[in-house]
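The values are calculated or read from the model by the stated rules, or taken from the named source; none is laboratory data. The model shown is predicted, which means the values in this text are computed figures rather than measured ones. As a convention, Cβ positions derive from the backbone with ideal geometry for all residues, glycine included, and neighbour counts pool all protein chains shown.
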Amino acid sequence: MSQSLTPARPVSAMRPVRRRTSRPAWEEQPGAVAQTLKGGVLVLVVAAVLVPLWIVVLTSFSTPGAINRAGGLVLWPDGLTADAYRQMLTNGPVTRAVLVSLGITVIGTAISMAVSVLCAYGLSRSRSFGHRAILLVLVVTMFVGGGMIPTFLVVTELGGYGQYWALILPGAVSVFNILVLRAFYSGTAGDLIDAARIDGANDWRILWSVVLPTSRAVTAVVALFYAVGYWNSFFNVMLYMPTDSTKWPLQYVLLQYVNQGMSIPGSANNGFGSHHAQTAPLSLQMAVVVLTLVPILLVYPFMQKHFRTGVLTGAIKG
């Protein structure tokens, strides 16, 4: 008599499956100790940023007597006055340096963005002429440079010594920023570009009406990088116009007044000065420091949302 045999079930199938209830460590809710440590670290980081800024701003508004009593930098308010800012902005060197820095930043950022956007868009089109060779050359320049002396000789031979364009053109293009823009432009929806081409749009029209409107975030971030770089730049001034103080930007004036110990016009010459007639040199120096920080502090809040979106999107698409 034949007997039907059914295949035996594996032992593992007969055991009840236990679901894993524990989550990875990075997904667990932090405990009270971890929350306290995170809060403490955050407080220390914020204090490390705000306390020096508070001291600099307060010292710039302090009277010579308050600075003399504090022995230098002022931590607590003790006689506030705006004489340092009034005197700094009415004297020629600092006011002229502010205008020079603003002009270099605006013109330099415009030139850098124009070159970077055009280069990135051309390299992002796979059918553009020689885009692979040009991209390779650009990447090589990120790791191999001509050096400071050859650059100085080239700029000098072209008549750039003592000229404003020597502060802009030698460093007008950043290959890293071009690569970031190229990565973003390469991810632009091809359907939009194809539709624009069907409608008869050329590359200039596509760049202006399709690519740039869809990449405002990354464009704003790159523009911010360029603007901050131009605003904080002072090394090229040391190379190409070290003696002409009428062409110095604000950062180089700050270097001369704070680090090199040059006296600011109108400041006291003896110690911290008197209590009423003169302004303390330290107060004027801190006022110049505050003046260099104000433009970035005013611009960054408006660029913050674009900064976060542009950096993350550019990194993901790259």
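Annotations
- Selected residue [crowded, with 17+ Cβ neighbours inside 10 Å and more than 16 Å from Y121 (Cβ to Cβ)] from F152, F176, F184: F152
- Only residues that are assigned to a loop (DSSP other than H, G, I, E, B) and farther than 20 Å from S124 by Cα were counted across the stretch 201-238, and they come to 2.
- Candidates are the residues of the stretch 240-255 that are more than 23 Å from the chain's Cα centre (by Cα) and in a helix (DSSP H, G or I); the one that is surrounded by the most Cβ atoms within 10 Å (Cβ to Cβ) is Y240.
- Scanning the stretch 76-113 for residues that are at negative phi, in a loop (DSSP other than H, G, I, E, B) and modelled with pLDDT under 85 returns P77, D78, T81, A82, N91.
- Members of the stretch 276-318 that are at pLDDT 70 or above, more than 15 Å from the chain's Cα centre (by Cα) and assigned to a helix (DSSP H, G or I): P281, L282, S283, L284, Q285, M286, A287, V288, V289, V290, L291
- Residue in the stretch 143-150 that is outside any loop (DSSP other than H, G, I, E, B) and within 24 Å of the chain's Cα centre (by Cα) present: yes
- Close contacts from the stretch 44-59, counting a first residue that is touching a residue at least 60 places away in the same chain (Cβ under 8 Å) and a second that is part of a helix (DSSP H, G or I) and not charged (D, E, K, R), with Cβ to Cβ under 7 Å and a gap of 6+ residues or different chains, come to V56/M286; V56/V289; V56/V290; V57/V290; T59/I67; T59/L282; T59/S283; T59/M286.
- Any hit, the stretch 264-271, residues being modelled with pLDDT under 65, farther than 20 Å from S60 by Cβ and part of a loop (DSSP other than H, G, I, E, B): yes
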